[in-house]
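Below: the structure, in structure tokens.
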Amino acid sequence: MNYRHHSLIRRLPVFSKRIIASVALLSVLSTSLLLSSASAAATNAGEPQINGTAAILMDAASGQVLYQFKADDPHPPASMAKMMTEYLVIKAVQAGKITWDQEVATTENAAKQIGSRIFLAEGDKHTVKDLYIAMAVGSANDATAQLAEVVGGTEEEFAKLMNDTAKELGMTHSRFINATGLDRADMPAAYQPTSIDGETEMSARDSAILGYHILKETPEFLDYSKMPNFQFREGENQLIDNWDWMLESNLTSKTKKKFAYKGVDGLKTGHTSRAGNNFTGTALRDGTRLIAVVMGVPGGTNDGKRFLETAKLFDYGFNNFEKKTAVEAKKAVPEHETLKVKKGKSKKVNVITATDVSFLVPKGATVEATVKEVKSETLKAPIEQGAKVGTVTYEYKDPATQEMKSATVDLVAAEEVKKGSWWRLFFRGIGNFFGSLFRGIADLF
């Protein structure tokens, strides 16, 4: 600052000088905050920056969350809502309520659906399996509404089943008003629900939870979701393509290979003008399966940006995490190596873990699990080797989120325990009687 500037400041009123000092202080504070923010950003420098309204990355084996961004905010899922329909239809098949080869006549509600569809006409007959493929691959709203009526009687009753199931699965930020994910105004007027308010909404976490249960309980869904295309009617020349452009099978496609990702075999896309572009994907690599969800990705339906955003999540998971075993299978639990057995040749049975306890951890990190709880019902001989005799719950700190987590595995008998003979149990009873008697007498003194 030259002499002229110094003279100018000296001539300023005291109030003006205070303003200058305040501005200088604010400048210092702003610089400090910027440095602090830069430091915080550097800490999470490896995390993906997702262009969307919400996102999450989950380990499909354990449900462990590896990354999350506004994961509990509910958003319109569009056709990702069909995952619940897909789940419930397979569950109905598993329960014997419907069969894959069952023929279904198209109803008015299904025939009047708009958006993605296979142009079902009222009275058309198709098998449950054909309709399911049209839903899973082509995201057909008419096939979806028809399957909902097959399982629930009406689409509105099926939507109630969807909501009940969501609660059972722990989906706390979801609501379904129909089987398709269409907005209320886009449904046939006569079939808009009267007993369910609002619109269909689902959070990114709930979508991942639903995907987790689909993969655990109805893995056959992948047989359909990984199909690159399908022919719905015999004689049709044009195949209906799968909306999931990330499928590994598209690595050889001229138009879709830039979106294809090794290991991807599902799950479901979604798009409406209100929802934007959504995708719940799953990929399997080297024995590790991940579930990724992106919601509200801007752009058009056909620009593929949602798949590029999903690829960021998969890259982050596969490149930065590795599976570590904290507790091995077939190992004794410290301080709980045995459990008591009644009426057995032996009074105790050695127990071991049925499976291992493994987690995905940042590469190079370690994780330690401690025993939180051991549960067992009253055990009576005979007990076969390998029979479940209880559970053990381990507690650990998730190295990715620093949250405390728990994992429960079965305890099984390490060896057979035969039922004791009448003679052995008789003398054991006498011994227990006198043992209790002498302990009672000793307690008197």
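In table form, for the structure just shown:
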| item | result |
| --- | --- |
| Residue match in region 259-271 (condition: of a type in the set (Val, Ile, Thr) and buried (at least 20 other Cβ atoms within 10 Å of the Cβ)) | yes |
| Boolean, Thr370 is loosely packed, with under 14 Cβ neighbours inside 10 Å and in contact with a Ser or Thr (Cβ under 8 Å, 6 or more places away or on another chain) | no |
| Looking only at region 297-327, and only at residues there that are hydroxyl-bearing (Ser, Thr, Tyr) and within 18 Å of the chain's Cα centre (by Cα), the one that is nearest to Ala61 (Cα to Cα) | Tyr316 |
| Residues being open to solvent by 20 Å² or more (accessible area, probe 1.4 Å) and either under 16 Å from Asn163 (Cβ atoms) or hydroxyl-bearing (Ser, Thr, Tyr) (or both) - total across region 197-210 | 5 |
| Residue list for region 155-182, restricted to those being in contact (Cβ under 8 Å) with a residue 24 or more places away in the chain, more than 17 Å from Lys91 (Cα to Cα) and not in a helix (DSSP H, G or I) | Gly170, Met171, Thr172, His173, Ser174, Arg175, Phe176, Asn178, Thr180, Gly181, Leu182 |
| Unique residue being of a type in the set (Gly, Ala, Ser), over 23 Å from Arg205 (Cβ atoms), in contact with an Asp or Glu (Cβ under 8 Å, 6 or more places away or on another chain) and buried (at least 22 other Cβ atoms within 10 Å of the Cβ) when the list is Ala105, Ala145, Ala136 | Ala145 |
| Val294 vs. criteria over 18 Å from the mean Cα position of the chain (by Cα), surrounded by 21 or more Cβ atoms within 10 Å (Cβ to Cβ), among the hydrophobic types (A, V, I, L, M, F, W, C) and outside any helix (DSSP H, G or I) | no |
| Checklist (1) surrounded by fewer than 22 Cβ atoms within 10 Å (Cβ to Cβ); (2) farther than 14 Å from Thr106 by Cα applied to Thr180, failing item | (1) |
| Members of region 131-154 that are of a type in the set (A, V, I, L, M, F, W, C) and either more than 14 Å from Ile90 (Cα to Cα) or assigned to a strand (DSSP E or B) (or both) | Ala134, Val137, Ala140, Ala143, Ala145 |
| Scope region 307-335; condition at negative phi and open to solvent by 70 Å² or more (accessible area, probe 1.4 Å); matching residues | Leu308, Lys312, Asn319, Lys323, Thr325, Glu328, Lys331, Pro334 |
| Unique residue being assigned to a loop (DSSP other than H, G, I, E, B), surrounded by fewer than 24 Cβ atoms within 10 Å (Cβ to Cβ) and either touching a strand residue (DSSP E or B) at 6+ places or on another chain (Cβ under 8 Å) or of a type outside the set (A, V, I, L, M, F, W, C) (or both) when the list is Asn250, Asn237 | Asn237 |
| Verdict on Ala61 being touching a residue at least 40 places away in the same chain (Cβ under 8 Å) and of a type in the set (Gly, Ala, Ser) | yes |
| Selected residue [without any contact (Cβ under 8 Å) to a residue 40 or more places away in the chain, open to solvent by less than 80 Å² (accessible area, probe 1.4 Å) and on the phi > 0 side of the Ramachandran plot] from Gly287, Gly304 | Gly287 |
| Residue selected from region 256-278 under the condition assigned to a strand (DSSP E or B) and closer than 24 Å to Ala185 by Cβ, by the criterion farthest from the chain's Cα centre (by Cα) | Thr272 |
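Residue-by-condition table, conditions (1) surrounded by fewer than 20 Cβ atoms within 10 Å (Cβ to Cβ); (2) in a loop (DSSP other than H, G, I, E, B):
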{"site": "Met80", "(1), (2)": "no, no"}
{"site": "Met84", "(1), (2)": "no, no"}
{"site": "Val93", "(1), (2)": "yes, no"}
{"site": "Ala110", "(1), (2)": "no, no"}
{"site": "Ile114", "(1), (2)": "yes, yes"}
{"site": "Ile118", "(1), (2)": "no, yes"}
{"site": "Ala121", "(1), (2)": "yes, yes"}
{"site": "Lys129", "(1), (2)": "yes, no"}
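The values are calculated or read from the model by the stated rules, or taken from the named source; none is laboratory data. Everything quoted here is computed from the prediction, not taken from an experiment. Quick reminder, even Gly has a Cβ in these numbers, built from the backbone with ideal geometry, and neighbours come from all protein chains shown. Ligands, DNA and RNA are stripped out before the accessible areas are found, and what is left, the full protein with its side chains, is counted by its heavy atoms. Shrake-Rupley method; radii C 1.70, N 1.55, O 1.52, S 1.80 Å.
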